[in-house]
Amino acid sequence: MSTATNGGRGSMLGGASDGGAAPAADRALLPSAEPVQLVDPDGQHNHDDRYPLPDGEQLLGAFGRLVAGRRINDQANALVRQGRMAVYPSSHGQEACQVAAAVVLGNEDWLFPTYRDTVAVITRGVDPLQVLTLLRGDWHGGYDPHEHRVATQATPLATQLLHAVGVAHAAKLRGEPTVVLAMCGDGATSEGDFHEALNFAAVFHVPVVFFIQNNEFAISVPLKNQTVAPSLAHKAIGYGMPGERVDGNDLAALLAVLGAAVDRARDGGGPSLIEAHTYRMQAHTNADDATRYRSADDVERWVPRDPILRMRTYLRALNLLTDEGERAFADEADAIAAAIRKGLNTEVEVNPAELFEYVYTEKTSQLREQAEQLREELARDAGAGAAPDAPADGAGDEGDQP
Amino acid sequence: MTQTTEAPIADRADRAGSTPAPRAGATSTFAKALNAALADAMEADPAVLMFGEDVGTLGGVFRITDGLTARFGEERCFDTPLAEAGIMGMAVGMAMNGMKPVVEMQFDAFAYPAFEQVVSHVAKMPNRTRGKVRLPIVIRIPYAGGIGGVEHHCDSSEAYYAHTPGLTVLAPATVRDAYFMLREAIASPDPVVFLEPKKLYWSKEEVDLAELRRTFDEGEAPRRIGRAVVARQGTDATLISYGPSVPTALGAAAAAAEEGRSIEVIDLRSIVPFDDETVCESVRRTGRAVVVAEAPGFASVASEIVARVQERCFHSLAAPVLRVTGFDIPYPSPKLEHFYLPSVDRILDAVDDLQWED
């Protein structure tokens, strides 16, 4: 997808190297002093020797996903307020990261998202209603991970990064060209599993792109309380992989940097760590009150850096985006939102018998008994109607109770 | 009292029959049987991988993986960085992507860093995905005490795993079961916590590993997951045990026989799924039961067994079901562990307390 790679570690050369004692090979692993930016907040192209600007078609297509992503976030928030979903961790303001993470991958690749990465999962092609099953509360997961090669959205922090390493490792052992992109947030970089995942990936030299969305907050805790490292991307050098920093609200830079990292991994270059600098514009979830730990002014400062705003300016200036094109993207986004609304406003019948179905491949005798107990309770509660049929697999040991 | 059947543990009959006859003179240790099971499983299925700490060149600190790297290559049996959560998390991803990982946690008490991966992902992934993602992972854990290990080398951690829905928890007690149960665990589509009693690693039985292999590969080995077995028949009381406690229980039954008491011994083999049927059939017949396990008794697998037996066999019981377990203390230091571990005498005392009239 991206052309910005030479397949080797040199593609991630540090920008303003401070030289000193570190050998050149080690310095090459360091991220650039400033995040890579290809389109600035005013919509102007920012030239970068290392990362050519993605072509107009690619940017336009991704911009359409960006517009849809924002609409999905807004719609989901509204549905929580209406009581149609239990909770929604919004990626409002981070949609460029969401879209880029999904579109740089090929069909043979895997995406490992977190709970905040709903837009990335939908952008990858998973049915929004299946994605929102988790947050709606019908079941702990709603889609088949194998269908679109998207892992379940991870709620525990950083645990999924190790799963990503395992998927990549298995693919490598079989000689498959799969690349795995694994997402996490800034808070997750403090977890042990983050470090173990990076180390395992580097030691086994597997094709994983670790992608941190640094949105500056882990619920209420700001980044300065997570780490005193120069940047999160700097952590890469400790594991012997390259790190890179990118403007997380710059769709063009994200496509270029992530694309290069994916290409590099696919070419046998091993893992890398990308830190995107972005901002969580809304509260952690609808259950959070962000005014307790940050001011409106803090948030306000990020409004002009909005990822949609700048890409729109850029594309309009080049006449790649027209009124007609904008309308088409808006209509498309509305259609997705309408489908989500319709789906979530339709009651889904949950089936309590299903509680026992997937704990083991074959129900244990204990689970058969418990399923039967619940079935009997429900039959009793249902009143004097005909008793439901006995389950096919029987009721298990009856014991000798009186 | 009825005379007990003196069945040596190696020769006891499997419920479903088909116990292969050993070649005259062929013997194997428990450790060698596990090693053979791993090698045979890797031979049978290229998706089976073995990894962990020191399992490659060294062959594992207990030598259970001895020779596997030489035979199958570093891609099939390999050392990982020293990080248990990493090992477990990588196994999850590998299993998601078509592999059948067998991982070794070097010691029971060194497995705890992996606990989040085990509880939150290994155990829950199939349920979370409505069965779309199965995780055929085997977590091998050198387990329990009796070897004079220093601190953090001898925990009985089965209750943590048994309490977690989604995990199969196995603990073999014989050489033959060690082989068949590890093969069955690796073949299982569900994640298995495979507890290997350390003190039994060097125990020996007359058993022909080539014959066991043939038996398993031809589908003739009776199922052991979820199936307890009567390790010794008896009529007066039932000892219910698993893993390292089975030989101790058998020793107690032999001693009791000399005193004229016929004690049945049940080897659970499978803690989860639990075989209520075999246990309850025995207890209803004998009317008395003692559960024997090394782990601290409070909130333990032994507690669960007592509860189940009393719920199901109440009207057949002549006495409360008792427990002989470890004390509710951190696992003791080498010179003190024999005070802690269930012993033949402690089991016989419990049997004596089963309200015998006359």
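The values are calculated or read from the model by the stated rules, or taken from the named source; none is laboratory data. Everything numeric in this text was worked out from a predicted model, so none of it was measured. Positions of Cβ are generated from backbone atoms using ideal geometry, with glycine treated the same way; all protein chains shown enter the neighbour counts. Remember, those area values only see protein heavy atoms, side chains included, never the ligands or the DNA or RNA. Shrake-Rupley method; radii C 1.70, N 1.55, O 1.52, S 1.80 Å.
Among all residues of segment A:120-140, there is at least one that is of a type in the set (Asp, Glu), part of a loop (DSSP other than H, G, I, E, B), within 13 Å of chain B (Cβ to nearest Cβ) and surrounded by fewer than 21 Cβ atoms within 10 Å (Cβ to Cβ).
Counting only helices (runs of 4 or more DSSP H) that sit completely within segment B:27-143, those holding 3 or more residues that are within 8 Å of chain A (Cβ to nearest Cβ) correspond to B:84-96, B:125-128. For the residues A:Ala330, A:Ala252, the requirement of being open to solvent by 30 Å² or more (accessible area, probe 1.4 Å) and at pLDDT 95 or above singles out A:Ala330. The C-beta contact set for segment A:153-174 (first residue facing another protein chain (nearest Cβ under 7 Å) and farther than 12 Å from B:Gly93 by Cα, second residue open to solvent by 30 Å² or more (accessible area, probe 1.4 Å) and among the basic types (Lys, Arg), distance under 9 angstrom, 6+ apart or interchain) comprises A:Leu173/B:Arg76.
Restricting attention to segment A:51-87, the residues that are among the β-branched types (Val, Ile, Thr) and outside any helix (DSSP H, G or I) total 1. Checked against (1) under 14 Å from the mean Cα position of the chain (by Cα); (2) touching a residue at least 60 places away in the same chain (Cβ under 8 Å), A:Val179 meets all criteria but (1). Would a scan of segment A:145-152 turn up a residue that is facing chain B (nearest Cβ under 8 Å) and either of a type in the set (Asp, Glu) or touching a strand residue (DSSP E or B) at 6+ places or on another chain (Cβ under 7 Å) (or both)? Yes: one or more hits. Of all the residues in segment A:203-252, those that are assigned to a loop (DSSP other than H, G, I, E, B) and not aromatic (Phe, Trp, Tyr) number 20.
Residue-by-condition table, conditions (1) away from every other protein chain (no Cβ under 14 Å); (2) surrounded by 24 or more Cβ atoms within 10 Å (Cβ to Cβ); (3) modelled with pLDDT under 95:
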site: B:Asp267; (1), (2), (3): yes, yes, no
site: B:Asp276; (1), (2), (3): no, no, no
site: B:Glu281; (1), (2), (3): no, no, no
site: B:Val291; (1), (2), (3): yes, yes, no
site: B:Ser300; (1), (2), (3): yes, no, no
site: B:Ala307; (1), (2), (3): no, no, no
site: B:Gln310; (1), (2), (3): no, no, no
site: B:Leu317; (1), (2), (3): no, no, no
site: B:Asp328; (1), (2), (3): yes, no, no
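Looking at segment B:166-265, the helices (runs of 4 or more DSSP H) lying wholly inside it that each contain 2 or more residues that are within 14 Å of chain A (Cβ to nearest Cβ) and open to solvent by 10 Å² or more (accessible area, probe 1.4 Å) sit at B:175-187. You will find that of A:Val246, A:Val262, A:Val257, the residue that is out of contact with any Leu (no Cβ under 7 Å at 6 or more places or on another chain) and either within 24 Å of A:Pro307 (Cβ to Cβ) or among the β-branched types (Val, Ile, Thr) (or both) is A:Val257 and no other. Against the condition out of contact with any helix residue (DSSP H, G or I) (no Cβ under 6 Å at 6 or more places or on another chain) and buried (at least 18 other Cβ atoms within 10 Å of the Cβ), how does A:Asp306 come out, does it pass? Answer is yes for this residue.
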